[in-house]
């Protein structure tokens, strides 16, 4: 009989080994799925994991793209992870991302076509404040009226999307765009553009900020009393209260931080890779970041790796669609398998598997 | 693919330059789709055209596609990777891909880009193509006006852009001409493809008294709802009769195949040049699916007559006198709408009681 026995402390070995094992299992199960779809499984796995990094035809382009794709995911996920650790569930990062982009773009479009050094810093500030303010709505409603932050933050995503559509077709519409929705191209406006810092590296300010967020997240979580409070509130809420943690302040801090970072991510995206405000600007980074946060076990370093891994499956997945004709649903299923195996194998770090002979009655 | 990779990498190792197209190599053509190939609507029609291309050229072409690509950075990356992997012609099949296609075109001057329904052409390797869907909308507007018993027609609209507004106006003008008591109810769903929202909108329109539905969104959900509720509806982009055999009156079909074949042939013959085409019934880019049996004989004949007249250039769906919604004159008696007015259309015609959302 197989029995699970709880470990006194999580196993260090398995904590490190499960992600690797999960990736291997995903390759096996995914390969089986690709084979059932009539595609060469070895080629598919190679194209997804190897080609974006090492294929001489693509790698010089897709390696930097990995940073472009993973940057906003990491930035948002680091912010979310603090709340998730403290059992504060901000599901609305997508909305905060959109509002951050709208605020940043608003500053840029207000100054257009003036060229001045202060425009980009102002946009950064506006993006951060916008995201923060949007996250403060569920925070205040929760602390004042005890509303459910999951619902409020999620529903505010739809409000943000409508606002985005209204502005893309109204106030922010490009006056030289022939009546079509969408703003001016901000990436082509030098004072507001979030360009590559070093050519052909994909490194833009958003990626730099994501790396800084990882470092600060790590310090905050492990070296600062606030990080301790966050962890305590999640693991033992009663003990946290005795230790003097103010739950309302913690809600404000966690939601505010997540909103701020999501707003920054949106602002860097609109000023750089996306280039302009348009109806479809929000392409789900805020939701995918939730997966990244959990894939990375709510740990900043883990999130960094998870963001890069998920980015790789996106870029490699596109290549596999293009080169093998795989349907995009198969790629999504593949990404789902990765999450499934990671979470399922998590058990191994907390439990020990014991094989015991069946007892004779 | 493998052979090309091998050639390219060994040539690189030797420091040789490979010519982009070896004579006996198939031409690589890439398609970027905004939705899933199984949407039974917009993207499905483009993918059907891609399959026509494969059938037509056989081993002469090698096509590849990426579906459900969001516009912006993602679309730009997909197109760049296509260009890097030796595609010589790329069809960007959504309005929103315009800036991305132009950005990639700037970096790959030897790769040709065809952008559907767009308006930006910053480089001479970017071509534009679009279909005059308003011609089809005129005919279904006429049929709707004749078929409605509640005098209320429901319209599921996607985004308030000129393309969609033009379609509403065209359908309304001809419904009104067929039945002066007709009224339009319009619901905006702010998506091109969202079966759940489209179904909700269809239900809401039926509850408001509509007995004929039109849609400018891509899923077949409204047809299924119409079938369930015993009302009538028109399919979008492809023949959707399978989702509502009784409800489905006809559908406006997008026929991209002939154009794609023509453009690919031009690349093969090295005669490709950037263009800007807007084709309709005459060229076969717009067509109607078989008309439902329940449409009476006389209405059927009128619809067919309209199609012929439009195709022959004898009738333009926007022929004056037409006033704007606010009563100001737009087209004088006998005047037809210039293409520029249509492509930038941001007003309703007189008689529509709704407002364009802003």
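Descriptive notes on the structure:
- Contact order for region A:66-294, expressed relative to its length and based on alpha carbon pairs under 8 Å spaced 6+ residues apart, stands at 44 percent.
- Put a dot 7 Å past the Cα of residue B:262, heading toward its Cβ, do the same for residue A:352, and the two dots end up 7.6 nm apart.
- Between B:72, B:280, B:235, the Gaussian network model of chain B with springs among Cα atoms under 10 angstrom shows the greatest mean-square fluctuation at B:72.
- Cα gyration tensor shape for chain B, rounded if a/c is under 1.5, else prolate or oblate: prolate
- The alpha carbons of the protein assembly as shown occupy a box of 84, 77, 69 Å along the principal axes, longest dimension given first.
- Take each residue of peptide A:282-290, count the partner chain Cβ atoms within 10 Å of its Cβ, and average: the result is 1.
- For chain B, calculated [θ]222 nm from helices alone, where every DSSP H run of n ≥ 4 adds -39500 (n - 2.57): -12000 deg cm²/dmol
- Between residue A:216 and residue A:344, the contour length at 0.36 nm per residue exceeds the Cα-Cα span by 43.1 nm.
- Computed label-point distance, nm, for sites residue B:294 and residue B:106 using a 7 Å Cα→Cβ extension: 5.3
- Radius, Kirkwood style, for region A:66-294 when every pair of distinct Cα atoms is counted (Å): 17.7
- Residue ranges A:5-17, A:40-52 sort as A:40-52, A:5-17 when ordered by packing (mean number of other C-beta atoms within 10 Å per residue, highest first).
- Ranked by the mean number of other Cβ atoms within 10 Å of their residues, highest first, the peptides B:73-79, A:157-163, A:31-37, A:296-302 come out as B:73-79, A:296-302, A:157-163, A:31-37.
- Look at the stretch B:71-82: the mean tally of other chain Cβ atoms within 10 Å of its residues' Cβ atoms is 6.
- Placing R0 at 30 angstrom, the Cβ-Cβ distance between residue A:159 and residue B:204 gives a FRET efficiency of 0.90 after rounding to 0.05.
- Computed on region B:296-358, with alpha-carbon pairs under 8 angstrom and 6+ residues apart, the relative contact order is 24 percent.
- Convex hull volume of region B:73-194 per residue (C-alpha atoms, cubic angstrom): 113
- With a Förster radius of 56 Å applied to the C-beta separation of residue A:15 and residue B:332, the computed FRET efficiency comes to 0.10.
- Spacing of the modelled spin labels on residue A:136 and residue A:5, each 7 Å from Cα toward Cβ, amounts to 5.4 nm.
- Per-residue packing, averaged as other Cβ atoms within 10 Å, sorts the ranges A:114-120, A:199-205 into the order A:199-205, A:114-120, beginning with the highest.
- Helix-only CD estimate at 222 nm, as mean residue ellipticity for chain A, using -39500 (n - 2.57) per DSSP H run (n ≥ 4): -23500 deg cm²/dmol
- DSSP bridge pairs, the protein assembly as shown: antiparallel proportion in percent, nearest 5: 25
- Taking chain A as a Gaussian network of alpha-carbon nodes connected by springs under 10 Å, the highest mean-square fluctuation of the residues A:29, A:128, A:77 belongs to A:29.
- Rel. contact order, % - alpha carbon contacts under 8 angstrom, at least six apart, region A:33-173: 24
- Computed E for residue B:346/residue A:23 - FRET, C-beta separation, R0 60 angstrom, nearest 0.05: 0.75
- Remark: mean inter-chain Cβ contacts per residue of B:84-92 equal 2, using a 10 Å Cβ-Cβ cutoff to other protein chain atoms.
- Alpha-carbon spread of region A:236-361, three principal axes, descending order, Å: 69, 52, 23
- GNM top mover of B:319, B:63, B:43 - chain B, alpha-carbon springs below 10 Å: B:319
- Two-decimal Rg/Rh across region B:258-313, once Rg and the Kirkwood Rh are taken from alpha-carbon atoms: 1.19
Where a number appears in this text, it was derived from the coordinates with a stated rule and is not lab data. As the structure is a computational prediction, the values presented were derived from the model and not from experiment. Every residue, glycine among them, receives a Cβ derived from its backbone with ideal geometry; neighbour counts consider all protein chains shown.
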